[in-house]
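Have a look at the structure below, then the notes.
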Amino acid sequence: MKKKQFKTESKKLLDMMINSIYTHKEIFLRELISNASDALDKLYFRSLTDSSVVLSRSDYSINLVADKEAGTLTVIDNGCGMTADELESNLGTIAKSGSFEFKRDNEQGEDVDVIGQFGVGFYSAFMVADKITVRSKVYGEPTAYVWESEGADGYTIAECDKETFGTEITLYIKDDTDEEKYSDFLDEYRIRGLIKKYSDYIRYPIKMAVTKSRKKEESDEYESYVEVETLNSMVPLWKRPASEVTEEEYRAFYTEKFFDYQAPAKVITQRSEGTATFTALMFIPSHAPFNYYTKDYEKGLELYSSGVMIMEKCSDLLPDYFSFVKGLVDSSDLSLNISREMLQHDRQLKVIAKAIEKKIKSELEKMMEADRERYEKLFDAFGIQLKYGLYTDYGMHKDVLKDLLLFKSSSGKKYVSLKEYVDAMKEEQKAIYYAAGESVERIELLPQVESMKSRGFEVLYLTDDVDEFALKMLGSYSEKEFKNVTAEDLSLENDEERAALEDENKKNEDMLTFMKEAIENVSGVRFTTSLTKHPVCLSSEGELSVEMEKVLKKMPGSDGQLPKAQITLEINLSHPIADKLKSLYKSDKDTLAKYSKLLYSQGCLIGGVGVENPAELCELISELMVK
Ligand code: ADP
């Protein structure tokens, strides 16, 4: 029979398998068992809608046969089976689990332990076997097929005799070498250990004939006998009391199920009885999945109905702002054959989703309190999602999210929460101050930030585009309004100071109007007393800040008519430049016009918005230099 060749990628993977280190090898059994369990699930699903499949749930099982003499280990299931075409497409090409892609993405970077962390499906059997046969028959079909391969040089598919439906995978275990004792994998004790370690929560019985010994009747001698034993406890991890499940078990469950190579930052278990009866097991990843911020990422929790999975990613169970949460929900309230459409309108599901949201929120808050460092790491990965959540749906979710937010600030701490900010506010401080910019360094250069700090007021530093929009949506926190330090009206002065400043602005109205017209781009020019050492700054009036305008400009499709920030050039009244301007207004209006433009450019530069016309600015500077 002509040998067929594996696809290139599968070949590479096979090489990886064959050369893998010993500690990885044992996962092959887990992979085969999981496949068998999936196959049983598939047939079970089919039986729900296909009346020709007559099986009761207790009929399904996985059987292991270890034959030391022949050197073979066989995994048998009575699941869906595979047609010849399916044998070809499923076993002739590499698993679609994405783990191999992952390896390649990381080839230059850190060496991700692919095999150890994910396992790579069926192929992993080649780590311990030098030949594999897969005999399979689909339920109700007349013909069975056998797939056979000795590794990298290809495989064959042929018809074969097989009475029962399902799949039977026989591994011809490699001969022992000096380094590796492959025959261990035929050892009952070893197999039992592997099942406990990796496959204990498989919902179908994994059976094996085991040798036992008993005392002979009316004699002191012992005899051995063979008995079929179920090796796994079958109780899904989430059905066991949380106190009995070890951290290691949760970790293994998570990394395997959700294809993560790092332990989760937090495990959340929830049990509810009453308006909705359900068990949830959720995980907060410790880092953002590589596709998290792309449109490929699909949020959702697995949905089970009394231990049987009914949907792989039920997105209705998670709000977008908690889309990073992984896990599953098992509820006896949901019917097994509920359709996707019906599920969306299911009242019970909505109740569950609400309860889950509440739980995640409270767990995150607890974590923020009890394990700040870990929470901050989490916030680095997912904080932006929380902030978007606050902003979307017209701020509908602000009460859920406001206490989960963290911001950088002038306090010098890595992050502060809004509550921490308000608790630390000075008595005379009226508002929560913030400044926006592309980085902390840039924001710290803002003249207004400097003057706030000199007053002893903490300033939140908003460095993400969404930040200011989110705060605008929030409006206030603990009855304190949010104020951008670059906004015109911060009301920092007392009444007397304010009156004096107004007076000064009034007196110089003509000059300030002249300057405004010379600059063209501003809606006003005025004196200020709130700056310390900087001569000028820009401030904005109304809802839209300079930073927000910048963000809006960057957004796709924004070249049309955008609202513009109303910008005022503020001049430090106590800076010598103020008097200089006044005297120029009397003696040399032409130079005053140039100074005005220069000061405006300074304001732009220090405000982090950049100048529109650098050439004109440079020309002005050199012109004044040679004067
Ligand atoms: P994965 O399980 O990640 O898809 P595998 O390489 O382990 O990758 O398996 C490839 C495919 O072969 C499976 O998706 C499944 O369709 C099929 N398969 C494997 N084992 C069995 C089995 N025991 N019964 C039926 N189909 C199977």
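On the chain, 48 percent of the accessible area sits on carbon and sulfur atoms, based on a 1.4 Å probe.
Measuring between their Cα centroids, segment 248-314 and segment 418-485 lie 36 Å from each other. Each 10 Å bin from zero holds the following percent of Cα-Cα pairs in segment 237-370: 12, 45, 36, 8, 0.
Computed log10 I(q)/I(0) for segment 385-484 at 0.14, 0.20, 0.21, 0.22 Å⁻¹: -0.48, -0.99, -1.09, -1.19, from the Debye equation with unit scatterers placed on every C-alpha and solvent omitted. Dividing the alpha-carbon radius of gyration of segment 394-434 by the rule-of-thumb value 2.2 N^0.38 Å gives 1.28. What angle do you read, to the nearest 10 degrees and between 0 and 90, between the alpha-carbon axis of helix 247-257 and the longest principal axis of the chain? Long axis of 247-257 versus the principal axis of the chain: about 90 degrees.
Please give the net charge around residue 407, taking every other residue with its beta carbon less than 13 angstrom from that of residue 407, where Lys and Arg add +1 and Asp and Glu add -1.
Numbers: positive: 387, 402, 408, 413, 414, 419; negative: 376, 380, 403, 420, 458, 464, 467, 468.
Charge balance near residue 407 sits at -2.
What number does segment 25-70 give for Rg over Rh if you use C-alpha atoms and the Kirkwood radius?
Details: Rg = 14.0 Å, Rh = 12.5 Å.
When Rh is taken as the Kirkwood radius, the ratio is 1.12.
Between residue 555 and residue 476, how high is the FRET efficiency from 1/(1 + (r/R0)^6) when r is the Cβ-Cβ distance and R₀ = 35 Å? Nearest 0.05.
Working: r = 26 Å, r/R0 = 0.75.
So the FRET efficiency works out to roughly 0.85.
Using 0.36 nm per residue, how much length does the chain from residue 495 to residue 261 gain when fully extended, once their Cα-Cα distance is taken away? Show your work: numbers first, answer last.
Details: separation 234, 0.36 × 234 = 84.24 nm, distance 6.09 nm.
Residue separation times 0.36 nm, minus the Cα-Cα distance, leaves 78.1 nm.
Beta carbons within 10 angstrom, averaged per residue: use that to sort the peptides 390-402, 278-290, highest first. Walk me through the intermediate numbers first.
Working: 390-402: 17.2, 278-290: 20.3.
For the peptides 390-402, 278-290, the packing ranking is 278-290, 390-402.
Summed over the residues of segment 237-370 and divided among them, the accessible surface reaches 48 Å² per residue at a probe radius of 1.4 Å. Tell me the GluC sites (Glu not before Pro) within segment 227-287 that lie in a loop according to DSSP and have at most 11 other beta-carbon atoms within 10 Å. Hits after loop and neighbour filter: 273. Every pair of different Cα atoms in the chain enters the Kirkwood calculation, which places the hydrodynamic radius at 30.0 Å. Efficiency by 1/(1 + (r/R0)^6): what FRET value for residue 393 and residue 152, r their Cβ-Cβ distance, R0 = 56 Å, to the nearest 0.05? After rounding to 0.05, the efficiency reads 0.55. With respect to the chain, whose longest principal axis is taken over its alpha-carbon atoms, helix 495-507 is tilted by about 60°. Excluding same-chain neighbours fewer than eight residues apart, the lysines reachable from residue 162 by a Cα-Cα span under 16 Å are 137.
Probing with 1.4 Å while keeping every protein chain in the model, the per residue accessible area of segment 385-484 equals 45 Å². In the structure shown, do any of 358/408; 414/483; 131/216; 354/480; 414/553 have a Cα-Cα gap over 32 Å, and if so which? Result: 131/216 exceed 32 Å. With respect to the chain, whose longest principal axis is taken over its alpha-carbon atoms, helix 372-391 is tilted by about 70°.
The values are calculated or read from the model by the stated rules, or taken from the named source; none is laboratory data. Just so you know, these numbers come straight off a predicted model, no measurement behind them. Backbone-built Cβ (ideal geometry, glycine too); neighbour counts: all protein chains shown. Side chains included, ligands, DNA and RNA excluded: accessible areas come from the protein's heavy atoms. Shrake-Rupley method; radii C 1.70, N 1.55, O 1.52, S 1.80 Å.
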